[in-house]
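I have placed the structure first, in the form of structure tokens, so that the comments after it can refer back to it.
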Amino acid sequence: MAAAASAALDNALPQLPRVHAMTKEVSRKLADMGYVFALPVQTNMIIVDLESMDIPPAAFVGYCKHYGVTVFPSGRLVFHHQTSQDGVSRLLKALEQFIEDKKAGKELANDKVTGG
């Protein structure tokens with residue numbers, strides 16, 4: 001356990017400011033697209049308010065999965081020290097496509113999904 005704690009202190013902790021900045025930047029871009037958040041973005045998590053936006057969790061998960069990004073069906077997006085810029089770009093593409101399709105009235109998946 002001491003080795004794991006030492007690795008976290010040496011590797012993960014110093015990257016927190018970068019991760020928090022990345023999360024803030026993604027939240028700004030999502031807000032510009034029209035996304036609404038359940039809570040203020042303060043650390044490494046964004047919680048998209050799926051309910052207030054009438055977003056089916058299955059559609060949210062499915063669009064992200066299509067772009068190779070795993071998200072929680074609760075709308076929670078978690079960033080960490082291993083989150084790549086490529087992953088961020090794919091997430092933004094997925095959610096941009098999703099919001100465009102939703103606004104265009106495209107039928108969205110509404111299956112039951114679980115997890116997170």
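Taken as entire DSSP H runs, the helices of the chain that both span 24 Å or more between Cα atoms along their own long axis and average -1.0 or more on the Kyte-Doolittle scale are 16-33, 85-103. The relative contact order of the chain comes to 27 percent, based on Cα pairs under 8 Å that sit 6 or more residues apart.
Equivalent ellipsoid of region 1-49: semi-axes from √(5λ) of the C-alpha gyration tensor, largest first, are 29, 11, 6 Å.
For region 16-103, state the semi-axes of the equivalent ellipsoid (square roots of 5 times the eigenvalues of the alpha-carbon gyration tensor), sorted largest first and rounded to whole angstrom.
So the equivalent ellipsoid measures 19, 14, 11 Å along its semi-axes.
Rounded to the nearest 20 debye, the dipole magnitude of the chain is 140 debye, with +1 charges on Lys and Arg beta carbons, -1 on Asp and Glu beta carbons, and the Cα centre as origin.
Every number in this text was worked out from the coordinates using simple rules, so none of it is lab data. Quantities reported herein were computed from a predicted structural model and do not represent experimental measurements. Counting neighbours? That spans all protein chains shown, and the Cβs are built from the backbone with ideal geometry, glycine included.
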